[in-house]
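Bear in mind these aren't lab numbers, they're just calculated from the coordinates by the rules spelled out. Model, not experiment: these values are computed from the prediction. Cβ coordinates were reconstructed from backbone atoms using ideal geometry, including for glycine residues, and neighbour counts include every protein chain displayed.
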Amino acid sequence: MQIEKYIYELKQQNRPFVIATVVKQEGSVPGKVGFKIVVQSEKEFYGTVGGGAIEVEAIQESLERLKSGASGTREYLLSKNASENSNSVKTLPMNCSGRVWIYYEVHGSLSTLYLFGGGHVGNALLYYLKPLSYYTILIDNRPEFANKEKNPNAHEIHLSDYLEYASKFQPKENSFAVIMTHGHNFDYLILQKLFERKLKFNYIGVIASKTKAAALRKDLKKEFGEAIDLSMLHSPIGLDIGGTTASEIALCIAAEMQSIKYGESQKSPYLKNKIPS
C-alpha cells in the first residue's frame, strides 16, 4: 500500500495520527530526505524514517505530539561519541555520526456530529459543516434520506431505527448531537435515551419552538429528577442571527456549534419561531 493511500484511509475513518518526515540531513544517516512514517499508536504505524534508534524515537515523539496536538520540527544528532541535548536537539546512540531533522505533522480526529434526521434542515447543516472541522454521522430511518444522493456531505450514513441506534452507539469524546427528526415524532425519545445512558456530549441540540423546548426540559426533569444537568442541552436550537428558511436555520445551528466548540458560547436568544417540518 502506498503511504498516501494509508493516510487517506485514516482521514476517511477520522482516526488521529502523526506524519513524521525527514526534511533535512547532514552526514551519514539511515533515513534520507522524504522518508516518512505514519504513527497511530505504539503498535500501529506505517513507513520508515530509517530504522533503528531514530525510528524508535520518531514513534515515541509522534505519540507525545499526538497527545499535545503540537506539530513541529526536531533535530537529532546520531552519535555514540557525542552528547547534545536541548529543547531542539537530541542525541541518539547510533554509529551514523550524522544529523537529521524530522518534521512532525499532527492530524487529530475531528469533532464528531451525530445528526438524527437528514431532512431539509439536516441537509443544509451538513453542507455548512463540510468545510469545518467536523466528522458528520447521519442517522435516518428513511431510505430516501439515508443515502449519499440526498445527503452527499455526510461522512457516514446509517439507515437505522432511531431508538435502536441511540441505544447502542458509543459517541466519541467531545461529540455533538443534533436531533431533528421528521415531524418531531422521535425527538424526545432519542433525547430521553441519551440522558438515560448518561452519555456525555459537548452539545445536544433539539429543534423546537419555545413551547416544545420548555416541555422537553419539564419531561426530562420529571423522569430523571430536578437535579438533572441540562447544561449541554440547547433547545430551541441555534443562535438567533435571523431567518426562518431551512438554510438560515442550519446556519444558526452551525454558528451555535462553533461558539460551543471554541468556548465562546453567547447568552444570545435562540431562534424564536417554530421550525417548519
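Normalised by residue count, region 111-261 yields a Cα convex hull volume of 103 Å³ per residue.
The alpha-carbon atoms of region 105-188 define a convex hull whose volume equals 96 cubic angstrom per residue. With respect to the chain, whose longest principal axis is taken over its alpha-carbon atoms, helix 187-196 is tilted by about 50°. Among beta bridges identified by DSSP and lying wholly in the chain, the antiparallel ones come to about 50 percent.
Over 23 Å apart: what share of the alpha carbon pairs of the chain falls there, rounded to a whole percent? Result: 61 percent of Cα pairs exceed 23 Å.
Stokes-Einstein at 4 °C, 1.567 mPa s, Kirkwood radius from Cα pairs: D for region 1-150 in µm² s⁻¹? Stokes-Einstein gives a translational diffusion coefficient of 74 µm²/s.
In this Cβ point-charge picture (+1 for Lys and Arg, -1 for Asp and Glu), region 111-261 has a dipole of about 220 debye about its Cα centre.
Applying 0.36 nm per residue to the separation of Ser68 and Leu132 and subtracting their alpha-carbon distance, the gain on full extension is 20.9 nm. Each Lys and Arg Cβ is given +1 and each Asp and Glu Cβ -1; about its Cα centre, region 104-175 then shows a dipole of about 100 debye.
Taking every DSSP helix (H) stretch of at least 4 residues in the chain, weighting each as -39,500 (n - 2.57) and dividing the sum by the residue count yields a mean residue ellipticity at 222 nm of -9500 deg cm²/dmol. Can you give the Rg to Rh ratio of region 1-50, both from alpha-carbon atoms, with Rh computed by the Kirkwood formula? So for region 1-50, dividing Rg by the Kirkwood Rh gives 1.03. With the Cα gyration tensor of region 42-99 giving a ≥ b ≥ c as the square roots of its eigenvalues, does the rule (a/c under 1.5 for rounded; else a/b larger than b/c for prolate; else oblate) give rounded, prolate or oblate? Oblate.
Among beta bridges from DSSP that stay inside region 78-189, the antiparallel ones total about 5%. For helix 52-68, report the angle its Cα long axis makes with the longest principal axis of the Cα atoms of the chain; keep it between 0 and 90° and round to the nearest 10°. Rounded to the nearest ten degrees, it is 30.
A simple charge model with +1 on the Cβ of Lys and Arg, -1 on the Cβ of Asp and Glu and nothing else charged puts the dipole of the chain at about 320 debye relative to its Cα centre. To the nearest ten degrees, helix 210-224 and the longest principal axis of the Cα atoms of the chain are 70 degrees apart. Candidate cross-link partners of Lys218 among the aspartates and glutamates, defined by an alpha-carbon separation under 14 Å and a same-chain spacing of 8 or more, comprise Glu226, Asp229.
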